[in-house]
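> Okay, here's the structure, questions in a sec.
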Amino acid sequence: MRGHAWINTILPDELIIEIFRCLDSKLSRDACSLVCKRWLKLERLSRTTLRIGATGSPELFVHLLARRFVNIRNVHIDERLAISLPLHSGRRRRNEVMCLPFNSHHATDNTGAEGALESSYLSDAGLIALSVGFPNLEKLSLIWCSNISSQGLTSLAEKCRFLKSLDLQGCYVGDQGVAAVGEFCKQLEDVNLRFCEGLTDTGLVELARGCGKSLKTFGITACAKITDVSLEAVGMHCKYLESLSLDSEIIHNKGVLSVAQGCPLLKVLKLQCTNVTDEALVAVGSLCPSLELLALYSFQEFTDKGLRAIGVGCKKLKNLTLSDCYFLSDIGLDAVAAGCKGLTHLEVNGCHNIGSLGLESIGKSCHQLTELALLYCQKIVNSGLLGIGQSCKFLQALHLVDCSRIGDEAICGIAKGCRNLKKLHIRRCYEIGDAGIVAIGENCQFLTDLSLRFCDRVGDEGLIAIGKGCSLHQLNVSGCHRIGDVGLVAIARGCPQLSYLDVSVLENLGDMAMAELGEGCPLLKDIVLSHCHQITDAGLMHLVKRCTMLDSCQMVYCPGITAAGVATVVSSCPSVKKILVEKWKVSERTKRRAGSVISYLCVDL
């Protein structure tokens, strides 16, 4: 009966709220809220997280949200996001909703809205309204909200005293606001201060002194006025700290030494500090036995001595990233392998003195390795990966980028020894061809994610083997010019779960493959067809006839695709969210029908 909430009247409110919380899709939750007034009320009560944009009338907007969603604990505000802004606090009407992108600086017309909006940036007024509306807030992210200041942050800290996580990336707040957070938010556990250029040591010291007993995760990146003084305060007051991320050119050994001495429970350490040397790493190795993740970026003064100390003292290390550490060699990696036998993730990026011997040591000692990434490693040859294949049977992900001396022999060894492989990403490794990919198809039946970008020796033969032996969900063969219709037909027939496909820059790919993909891969959601010169409107029509779940389609520089093909995609795929195409290929009718989801490669100046 109209006006009565008779649906599931037997179920108590608490049970329905728990059911709503189990829904992982916002669309599903929104649909439930439209069933009846009772479900609308309960669905609002079930929401604990809001992801919104900034608005020119933040106090009105946040106040409206606070009245509707009273159990909010997590708020994420990002000025890069577009929003749908209710212009009135009363009953919503169809013509009272307007989408504002964040780069809009001008007031809107009064036509269709009462009063003009001044700006599209979150200000202190919005932050104050947020603190009043959500006093039980536990997690707050303010991403690139550059117009807020210490005044707004102080007001929020005074009212939101249960705050546990605070992300101020790109916010130009000062010492007074950060100090207030330390004074009032005694339960704070996670702080991210990335690109906070207004901060100095004064604010950081007060923050560490105020909430040091609860702080567990701390990130400082590109804060030009933060020196070793701040890290000394962290080491003095934050004895329960578990994770530290530093990116600074003015922090030296003294600061890192203080952290190592004062934070014995440290588990995660990420450093991009060009002035930190082996002295600091030796201290970390001897004083932080609980370390599980270590990431070192762009170290100019770091040698095997520091890495040996990590291998000797950090027996629990599981994840190691070495990026652009030019003075590291096989000796340091061998020390890690000998001491950190529980290593599960290893990334070596641009460390030109690390070769196959270090990787062989990892293979011999670290049998629990599940993910390996080798980027720009010109000294590593087939023997290094063969050692991994022989001993690391639990390997699930392998990433290779610009490793010019790794070829089919190594990939065959991985395929035969690492049969649990689920992800294989290879880019610009020109010695890898069909033989290696065929071995993957024949031995790695659990593979779901395959990327072979610009591997110009891989052709149809490799994809035929993949189609027969694997059930892929994601495939990227961009720039593999030897691949044509035959290989993609094999994928279409053998991988019905395929949801992502990038076949850009395949000059031999035509409409036959599109037709087969349409028949065999109905779950396809994202496809990239750019620079495929032989695909026409006919192939596109066959593709979208069955692939109606398509979310994204990129088809620039495809001369065989015309305005008719673009219109076909729009009319056949009701859930499409993004279409990338040349502007001249979009008809006026298509613009009216789906202008909001179409992005143009070239725009009029």
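Every number here is computed from the coordinates shown, using simple stated rules; none is lab data. Everything quoted here is computed from the prediction, not taken from an experiment. So basically every Cβ, Gly included, is an ideal-geometry build from the backbone, and we count neighbours across all protein chains shown.
> Among ALA513, VAL503, SER599, whose Cα sits farthest toward the positive end of the charge dipole of region 448-604 (+1 at Cβ of Lys/Arg, -1 at Cβ of Asp/Glu, about the Cα centre)?
Result: SER599.
> Turning to a different aspect of this structure: Please give the charge dipole size of region 448-604, origin at the Cα centre, charges +1 on K and R Cβ atoms and -1 on D and E Cβ atoms. Round to the nearest 20 debye.
Around 520 debye, computed over region 448-604.
> A follow-up question, please. So what are the ³J(HN,Hα) numbers for region 465-473, from phi and the Karplus equation (6.51, -1.76, 1.60; θ = phi - 60°), rounded to whole Hz, Gly and Pro as x?
5, 5, x, 7, x, 10, 10, 6, 9
> With Cβ to Cβ distances under 12 Å as the rule, what net charge do the other residues near PHE327 carry (K, R +1; D, E -1)?
Overall, the nearby charge balance is -3.
> Also: Using a cut-off of 14 Å between beta-carbons, work out the net charge of the residues near GLY355 (Lys and Arg +1, Asp and Glu -1, GLY355 not included).
Computed value for this residue: -2.
> Please state the relative contact order of the chain as a whole percent: Cα pairs under 8 Å, 6+ residues apart?
Rounded, it is 4 percent for the chain.
> Net charge near CYS495: determine it from the other residues with C-beta under 12 Å of the C-beta of CYS495, scoring Lys and Arg +1 and Asp and Glu -1.
Result for the local shell: 0.
> Right, next: Magnitude of the Cβ-charge dipole of region 285-376, K/R +1 and D/E -1, about the Cα centre, nearest 20 debye?
In total the dipole reaches around 380 debye.
> May I pose another question? What is the Cα centroid distance between region 396-410 and region 474-527, reported in whole angstrom?
With region 396-410 and region 474-527 each reduced to a Cα centre, they are spaced 23 Å.
> Which label belongs to the value computed from this structure, given these candidates for mean projected area of the Cα convex hull in nm²: (1) 32.3; (2) 29.9; (3) 33.9?
The value computed from this structure is option (2).
> Given the pairs LYS341/LYS468; LYS139/LYS341; LYS186/LYS254; LYS139/LYS239, which span a C-alpha to C-alpha distance of over 25 angstrom in this model?
Violating the 25 Å limit, Cα to Cα: LYS341/LYS468; LYS139/LYS341; LYS186/LYS254.
> Amide H neighbours of PHE218 under 5 Å, counting only residues 5+ apart in sequence or on other chains, H built in-plane at 1.01 Å?
VAL191, SER243, LEU244, SER245
> On to the next question. From the backbone phi of region 396-405, what are the Karplus-calculated ³J(HN,Hα) couplings (6.51 cos²θ - 1.76 cosθ + 1.60, θ = phi - 60°) in whole Hz, Gly and Pro given as x?
Karplus-based 3J(HN,Hα) across region 396-405 equals 10, 9, 9, 10, 10, 10, 6, 9, 6, 9 Hz.
> Compute the distance from the alpha-carbon center of region 319-352 to that of region 166-217, in whole Å.
Comparing the Cα centres of region 319-352 and region 166-217, I get a distance of 33 Å.
> Using the charge dipole of the chain (Lys, Arg: +1 at Cβ; Asp, Glu: -1 at Cβ; taken about the Cα centre), state which of PHE327, ASN147, VAL544 has its Cα farthest towards the positive end.
VAL544
> By its C-alpha gyration tensor, with a ≥ b ≥ c as the square roots of the eigenvalues, how is region 448-604 shaped: rounded for a/c under 1.5, else prolate for a/b larger than b/c, else oblate?
prolate
> About the Cα centre of the chain, what is the dipole size in debye to 20, counting +1 per Lys and Arg Cβ and -1 per Asp and Glu Cβ, all else neutral?
2120 debye
> Another question, then. Kindly write out, for region 226-238 in residue order, the coupling ³J(HN,Hα) from the Karplus curve 6.51 cos²θ - 1.76 cosθ + 1.60 (θ = phi - 60°), rounded to whole Hz, with x marking Gly and Pro.
8, 10, 4, 4, 5, 5, 5, 5, 4, x, 7, 10, 9
> Looking only at region 359-390, which residues have a backbone nitrogen under 16 Å from a spot 7 Å from the Cα of ALA338 in the C-beta direction?
359-366
> Moving to a separate point now. Amide H of LEU580 versus every other amide H placed in the peptide plane: which residues, excluding those fewer than 5 positions away on the same chain, fall under 5 Å?
CYS553, GLN554, MET555, SER599
> A follow-up question, please. Just the number, please: percent antiparallel of the DSSP beta bridges in the chain, rounded to the nearest 5.
Among the beta bridges of the chain, antiparallel pairing accounts for roughly 5 percent.
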